[in-house]
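Only one structure is covered here, and it is reproduced in the block below.
Just so it is clear, none of the values below were taken in a lab; they were calculated from the coordinates. This structure is a prediction, so every number in the text was calculated from the model and none was measured. Because the Cβ atoms are built from the backbone with ideal geometry, glycine has one as well, and the counts that use them run over all protein chains shown.
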Amino acid sequence: MSETSISSTDFEKALEIGRPPNVVKLFPNSKALIVSGKFIDRAMLTKGKALAMAANGRNSFVIRGALKAAQRANAAIIIEIAKSEGGASAYCAVNYWNIARQVDALCNELGITIPVAIHADHYGIKNQEDIGEAKIEIPTLFDAGLTSIAIDASHMPDDKNLLANIELNSFIPKWAGLETEVGEIKGKSGLSTVEEALFLIQGLNAHDIFPDWIALNNGTTHGIEESEHGIQIELTKEIHDALADYKVSGAQHGTSGNSSDRLRAIAAKTRTTKANVATALQMISWGLEVNDYGNAILDDEGNFIKVIGEGVTENMWEKMKAHSQSKGLKGGNYKKLNLPFENKLLGQPKEVRENMANRVESFVYNMFVNVLNTKDTAPIAIEAILETGSYDPGPKGGKIEDVMQWTRDKIVERAASITSDKGPEGDFDD
């Protein structure tokens, strides 16, 4: 296979062996190459200095546009939705239980042949009660076709974070992509430390749990980036270097609003292979004015600027603004327009709907080719599937830690000696 092409024979073979059992059961006659998140991570590592976009599909237009861009760039991609966006208390119509069906349908409609992972992002665990509910709910996500998950218990103290990850791991298929998190994403406050990250990854390793990614609070935020700080590259590199023996990659949250140069640097200087993009894609699909890296531009009164003739119709935008005003929604909280307006947006004329998806496609394609270095990673992922001969490439790392040094009591004892600043209290969900 050449570096930049996928033969029909290789694609058909990858389709036959590369789709996980849940995907095969749900979509037995599908031509969509929906795969484990592990293969997407491996493709980025093989190419080197490459970040897979994890596009948060807050609406169907974002999913359509992102898939079209990935096909055009010959790039592997992750389509995801977070618990706050698409869980039981969702603010989006796209959710954990319908996102795989949307991706599969669009791939077949559009003739998409690149590998796609479907990720449950920020599956938040904030207390012991959440753990009990997660044991019931997590299997339903994989029943619905997801192929990757992020267990985010970073809201809790370090020992409880680790223990929650351990307790829930048996409910996640071994073949699935796995992300873990240390430190809530809350900007320059509560930054993650080497000590915290090592504690989490070493403790998981002792219990035969080998995450594909770790997410950090490395200085960025969800939503609209309002400061010049953003991703702290040297801190990220320091933590990733400390974790090198455990072969865990980085997942970069809060990508929207960080400059293209900063994203190129995170790809070049750290072990990051996954970059989440949510707010930017939503704003672009609606037709709002953004800068070159997707941060919404505001007028002098702090309002969003709608580009005439782009995205939703002007009449629809007026309705969206009126709804926001009636609900007291401002800035990043415009995200809560997704649920009440999805069906209204789907009811717009075809040319409007196509324009919305095409705006997303243009932005994502540029990110793939000129920022994230993701172009032509699809054949690399397919080659990994063919070499593995399976939907499960297995873990990247091996066991290093002694489980007897990581019993529950010793985990609690070890955590007590960690010095960390979790930052301010508050709702920092995506």
Mean residue ellipticity (222 nm) of the chain, computed from DSSP H runs ≥ 4 via -39,500 (n - 2.57), nearest 500 | -13000 deg cm²/dmol
May I ask you to derive the relative contact order of the chain, considering only C-alpha pairs under 8 Å and at least 6 residues apart, and to give it as an integer percent?
-> 24 percent
Hey, of [x] -0.63; [y] -0.81; [z] -0.71, which did the structure itself give for log10 I(q)/I(0) by the Debye sum over Cα atoms at q = 0.10 Å⁻¹ when calculated?
-> [x]
Taking every DSSP bridge whose two residues both lie in region 8-416, the antiparallel percent to the nearest 5 is 10 percent
Taking region 298-384, how many lysine pairs are there with alpha carbons less than 23 Å apart, if each pair must be eight or more places apart or span two chains?
-> 25
Excluding residues fewer than 8 places away in the same chain, name every one of the aspartates and glutamates whose C-alpha is closer than 18 Å to that of residue 269.
-> 41, 234, 238, 241, 245, 261
So what is the relative contact order of region 79-223, in percent, for Cα pairs below 8 Å that sit 6 or more residues apart?
-> 20 percent
How many nm is it between the label spots at residue 404 and residue 344, if each spot is 7 Å from the Cα in line with the beta carbon?
-> 6.4 nm
Residues whose modelled amide H sits under 5 Å from the amide H of residue 178, counting only those 5 or more places away in sequence or on another chain, are 149, 212, 213
Derived scalar couplings ³J(HN,Hα) [region 278-283; Karplus, 6.51 cos²θ - 1.76 cosθ + 1.60; whole Hz; x for Gly, Pro] = 10, 4, 4, 5, 4, 4
With a Förster radius of 30 Å, plug the Cβ-Cβ distance of residue 418 and residue 49 into 1/(1 + (r/R0)^6) and report the FRET value to the nearest 0.05.
-> 0.40
Provide the per-residue ³J(HN,Hα) series for region 103-116, in order, calculated from phi with Karplus coefficients 6.51, -1.76, 1.60 and θ = phi - 60°, each as a whole number of Hz, with x at glycine and proline positions.
-> 4, 4, 4, 5, 4, 5, 5, 8, x, 6, 10, 7, x, 10
Most packed first (mean Cβ within 10 Å per residue), the peptides 59-69, 383-393, 322-332, 168-178 order as 59-69, 168-178, 383-393, 322-332
Measuring from label point to label point, each 7 Å out along Cα→Cβ, what is the residue 325 to residue 16 span in nm?
-> 6.1 nm
Ordering of 341-347, 355-361 by packing [mean C-beta count within 10 Å, highest first] | 355-361, 341-347
Give or take rounding to whole Å, what are the principal axis extents of the alpha carbon atoms in region 109-181, in descending order?
-> 45, 21, 19
As a percent rounded to 5, the proportion of antiparallel DSSP bridges among beta bridges in region 194-334 is 35 percent
